[in-house]
Structure formats: C-alpha cells, structure tokens
Amino acid sequence: MLYIFLMNDNTETSSSRIFKTAWFAKAAKKALITNETLCLAIQQVILGQTDDLGGGVFKKRLNNNRHRSIILAKGGRHWFYTYLFAKKDRDNISSDELTEFKKLAALYGLQTNMTIDAAIKNGDLLEICNAQKTSI
C-alpha cells in the first residue's frame with residue numbers, strides 16, 4: 001500500500017501516529033474512504049483546516065464533503081479516527097456525544113505506545129500511517 005504523509009518542520013508532527021478504530025475502519029471501507037485520504041486529512045487537521053470542537057475532538061470533512069469524521073487527539077502525538085457519519089444522514093453529533101468524545105479523547109491522551117501497540121495487536125485499533133513512514 002502507498003501511504004503519503006506530508007511533513008512540515010513542526011516537531012509535534014514528526015512523531016505523530018494515526019489510527020482508526022475497528023468500527024471506523026468498517027465504516028470507512030463502506031464509504032470508500034482510503035487510508036491515504038485519512039492520512040492526508042490529518043495533515044490538514046494539523047494545519048488547522050478542520051472544526052476544532054474542543055477537548056481534543058475534531059470534526060473533519062471527507063469524501064468530497066459527503067462524510068464527517070470525528071478525530072480524537074491529545075498532545076498531537078496520536079490521532080484516532082473514531083466516528084464517521086454521512087452528511088445526508090445527520091447534521092452533526094449531539095452535545096451528549098461531544099461530551100463523551102471529549103472523555104474518550106482524554107483517555108486516549110493517557111495511552112502509552114505500549115498500550116496502543118496492544119490495542120493494535122487485539123484488533124481494536126489499526127495504524128494507518130506514521131509520520132516516520134513516507135511515501136514509497
């Protein structure tokens with residue numbers, strides 16, 4: 001697979017790892033959203049081209065503005081694609097959902113590389129790109 005991840009001089013970006021949950025992976029596959037698209041979208045998020053919902057929760061438009069993704073991040077090291085919905089199905093997430101996503105972002109922010117690697121091994125998370133990997 002070809003992974004493309006644009007880099008800049010931001011040291012925060014240089015150690016970023018990007019993941020999707022198992023649920024998100026199924027939804028993205030059904031919506032025909034590729035890992036390459038997700039990796040490029042994170043670069044746009046890092047550049048501020050997203051809706052910052054606060055508390056480490058971001059909403060990013062994907063798939064020619066047909067889908068919305070919810071991305072969780074704390075500290076800029078790890079980015080987690082968590083939820084995906086079609087714009088035609090709903091306008092936005094509810095305030096209760098936002099509260100829960102903020103709590104989840106805080107929990108993800110506490111994860112170490114060891115616990116993340118265990119989640120990958122269990123199939124709960126899939127790493128889709130890593131800033132240390134470049135296009136080949």
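We did not get these values from a lab; they are worked out from the coordinates using the rules stated. Remember, predicted model here, so these are calculated numbers, not experimental data. All Cβ positions, glycine included, derive from the backbone under ideal geometry; neighbour counts span all protein chains shown.
Give the peptides 82-95, 99-112 in descending order of average Cβ contacts within 10 Å, highest first. Don't jump to the answer; show the numbers that get you there.
Values: 82-95: 13.4, 99-112: 15.6.
Highest-to-lowest ranking by the protection proxy: 99-112, 82-95.
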Per the C-alpha gyration tensor (a ≥ b ≥ c, the square roots of its eigenvalues), the range 32-136 is rounded if a/c is under 1.5, else prolate if a/b beats b/c, else oblate; here it's oblate
